[in-house]
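The values are calculated or read from the model by the stated rules, or taken from the named source; none is laboratory data. Note that the structure is predicted; figures quoted are calculated from it, not measured. Positions of Cβ are backbone-derived with ideal geometry, glycine not excepted, and every protein chain shown enters the neighbour counts. What goes into the accessible areas is simple: the full protein's heavy atoms, side chains included, and nothing from ligands, DNA or RNA. Shrake-Rupley method; radii C 1.70, N 1.55, O 1.52, S 1.80 Å.
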Amino acid sequence: MRTWFAPDEAAEFAAAKAVLLRRCLVWAGERGRPADELLLSAAVDSRHHSRDGRIAYWDGAQIRRFLLAWVPKHVVAPREVLDLAPDVLRTYVRYLAATGLRDPRGCTPEEADAAITRAAVPFRRTLDAGRTDADHHVLEELLEARFTEPALSLDETRAAARPPIALPPPADLTAAAARSATVRHLTALVTGSGDVSAVPGLLRAWADVLGPHAAGLIADPEALWRRAFDVLPELGQAAGASLPRLFGRLLPVVLDTLYGMDDVPLTCLEKAVRPACRQGFDEDLPRETRRHCLARDLARTLEVLSDLGAVELTRGPLIPLHADLLHADPHHADLLGTDPHHTGPHHAGPHHAGPHHGGLRHESLFREGLFGEDDHPESPAFVPLARLTPLALRAVRERLLADGHDAPLLGELSTARPAELLGVLTQHYPPREAAAELNGWLSRPGQDVECLLRAVSACPFRSRATTMLGVLVEALPEGDALLRELRHDLILGPTALTLLMDVGEIEPMGLGQREHLLLGAENFLTMLEVGGPQALIAQLRGLAGREAYRFVESVLASGHHDDEGLEDLRDLVAEPLRLTYSPGPA
């Protein structure tokens, strides 16, 4: 049971949604909680058709978006049904938490209850405003909210997945802000201390954009840095000729391209910013002139960000990944001044510079970095590189979160419940970062592998249990041995068998009859979750022909522990097969 699907995974999303709704309705009925299939479906849809697409993530903004925008626009039902939406959403959030599906980076059930309560009154006013135009004041207020609250927008394009990032301790970030050359100059300008006669016009414009509130930030360099970074988009007009003409176009693309990346060659960065800057040039300009202007403006933009302490500019080796990018566009080899067929040594890794690393300024970036006057003949694969500093990573991440993006941070799951931890790692963390997050979680008192195994055992969804166990054994040094041991576990055995089969550890011929049936049950239940009943029925008929029903009957008697899944298999697959079953001749 996945809780995130790409926009083009319509069939996979529909199958998972059907399972989710069916199970949630049963769960709610057993507990006497309000539930309505139409409203539950709308809740799932509202999260799938959003910027981040996480159907198990709910925060205050998404709760308001669902109740104040999605339901009034997309749900057509009698008023008495629509009035249930807040309570049905409560049920859904509670169900996500009870089954381990909840994304722990969102609201807890208690926080969600409070957010739903706050939204309930404006929600009913929204319904009233849609039913009658009598209260023009309410209608105008709601329309204004649609434009002033980004969370209420329904016109969200799915954003690309963001890689997890790591940040240093807060004290290190504070110290880095105090070291910023821009922060020191702005402090001098605002306080009038020192010789400010030679301060560049850009910094004077920057201080003007900060406004009178800057004086209150002088005692807090970190707050001043944040504010200086936040107003960067406004500098383009205020600074005039002190900034490159393309600064406003370059800034968001540079920050977006460098976010979550290790050192990026400037030539690759220049390639990334080209599409955003095409309209910034007169079409009649020669191609070489446009290239020259773009390279110059990019170099100056990076210098501004470097002085602020938002970008680190260094030199390092051209690793194979970078060379591949250059091969895709041979022109970039000319820009680098290097042989595109020489990939050079592997990069030493994040935050590990090669021997030629050193600070670079605008002039050297423009002269050597983008137009390839290589001053390192002994190592032609050493090139200018850029990366965001931790201060900038934090600032960009905060913007992403405010805009509804998923922006994972290593360490933020350190106190998550075991099932929720594994669930997020399976879908949103690459293997290396998943292992780091998992090891950080295990380092806390009372959090051990047994807790995680119990969470996998309790998972009510076979496909999710398999991925949860998979990410666990992959991250643990002793994972392979653990998986072999779990083969004989009464509950986790079928899941372990599935993973052992996937990696070729065991062969079907090496299984006994009981393991064959358990593995068959595990696979059938997984296919039912992932593909839906009709797809499974078609596959069974293709596999076993007229004996498909008998085949499923044997699996139902396998002794698999997932009673809820077996009940679904019996009702949705075995029963339709039984109705069309005709025994062959004896």
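In the set 61, 77, 69, only one residue is touching a helix residue (DSSP H, G or I) at 6+ places or on another chain (Cβ under 7 Å), in a loop (DSSP other than H, G, I, E, B) and among the small types (Gly, Ala, Ser); that residue is 77. The numbered conditions (1) modelled with pLDDT of 90 or more; (2) touching a helix residue (DSSP H, G or I) at 6+ places or on another chain (Cβ under 6 Å); (3) of a type in the set (Lys, Arg) are all true for residue 541 except (1).
Enumerate the helices (runs of 4 or more DSSP H) found wholly within segment 85-180, keeping only those where 3 or more residues are at pLDDT 95 or above, out of contact with any Phe, Trp or Tyr (no Cβ under 7 Å at 6 or more places or on another chain) and open to solvent by less than 30 Å² (accessible area, probe 1.4 Å).
Answer list for segment 85-180: 85-98, 109-131.
When 43, 10 are checked against the criterion of being within 21 Å of the chain's Cα centre (by Cα) and either modelled with pLDDT of 95 or more or surrounded by 20 or more Cβ atoms within 10 Å (Cβ to Cβ) (or both), a single residue qualifies: 43. Residue count for segment 243-263, restricted to those that are modelled with pLDDT under 85 and surrounded by fewer than 19 Cβ atoms within 10 Å (Cβ to Cβ): 1. Apart from one condition, residue 205 fits all of (1) assigned to a helix (DSSP H, G or I); (2) small (Gly, Ala, Ser); (3) open to solvent by 80 Å² or more (accessible area, probe 1.4 Å); the exception is (3). Is there any pair with a first residue in segment 9-23 that is under 11 Å from residue 532 (Cβ atoms) and a second that is in a helix (DSSP H, G or I) and modelled with pLDDT of 95 or more whose Cβ atoms are under 6 Å apart and which are 6 or more apart or on different chains, and what are they? Sorted first by the residue in segment 9-23, then by its partner, the pairs are 17/44. All told, residue 21 falls short of being hydrophobic (A, V, I, L, M, F, W, C), farther than 30 Å from residue 397 by Cβ, in a helix (DSSP H, G or I) and in contact with a Cys (Cβ under 7 Å, 6 or more places away or on another chain). Can you find even one residue in segment 216-238 that is among the basic types (Lys, Arg) and farther than 20 Å from residue 394 by Cβ? No: segment 216-238 contains no residue that is among the basic types (Lys, Arg) and farther than 20 Å from residue 394 by Cβ.
Checking each residue in segment 13-36 for being in contact with a Lys or Arg (Cβ under 9 Å, 6 or more places away or on another chain) and open to solvent by 70 Å² or more (accessible area, probe 1.4 Å) picks out 31, 33. Looking at segment 472-490 only, could you name the residues that are open to solvent by less than 70 Å² (accessible area, probe 1.4 Å) and either of a type in the set (Val, Ile, Thr) or part of a loop (DSSP other than H, G, I, E, B) (or both)? The answer is 473, 476, 487, 489. Would you kindly identify the helices (runs of 4 or more DSSP H) lying entirely within segment 398-471 that contain at least 3 residues that are under 20 Å from residue 6 (Cα atoms) and open to solvent by less than 30 Å² (accessible area, probe 1.4 Å)? Passing ranges, in order: 418-428. Out of all the residues in segment 264-285, is one or more modelled with pLDDT of 90 or more, farther than 25 Å from residue 163 by Cα and among the charged types (D, E, K, R)? No, every residue in segment 264-285 fails to be modelled with pLDDT of 90 or more, farther than 25 Å from residue 163 by Cα and among the charged types (D, E, K, R).
Of the residues making up segment 286-309, one or more are free of Cβ contacts under 8 Å to residues at least 12 places away in the same chain, in a helix (DSSP H, G or I), acidic (Asp, Glu) and surrounded by fewer than 17 Cβ atoms within 10 Å (Cβ to Cβ). Would you confirm whether any residue within segment 571-585 is touching a Phe, Trp or Tyr at 6+ places or on another chain (Cβ under 6 Å) and not in a helix (DSSP H, G or I)? Among the residues of segment 571-585, at least one is touching a Phe, Trp or Tyr at 6+ places or on another chain (Cβ under 6 Å) and not in a helix (DSSP H, G or I), which makes the answer yes. Which of the residues that make up segment 181-201 are modelled with pLDDT under 90 and exposed (fewer than 15 other Cβ atoms within 10 Å of the Cβ)? 191, 192, 193, 194, 195, 197, 198, 200, 201 - these are the residues of segment 181-201 that are modelled with pLDDT under 90 and exposed (fewer than 15 other Cβ atoms within 10 Å of the Cβ). Which condition does residue 529 not pass, out of (1) surrounded by fewer than 16 Cβ atoms within 10 Å (Cβ to Cβ); (2) in contact with a Phe, Trp or Tyr (Cβ under 9 Å, 6 or more places away or on another chain); (3) in contact (Cβ under 8 Å) with a residue 40 or more places away in the chain, if it passes all the others? It fails just one condition, (1).
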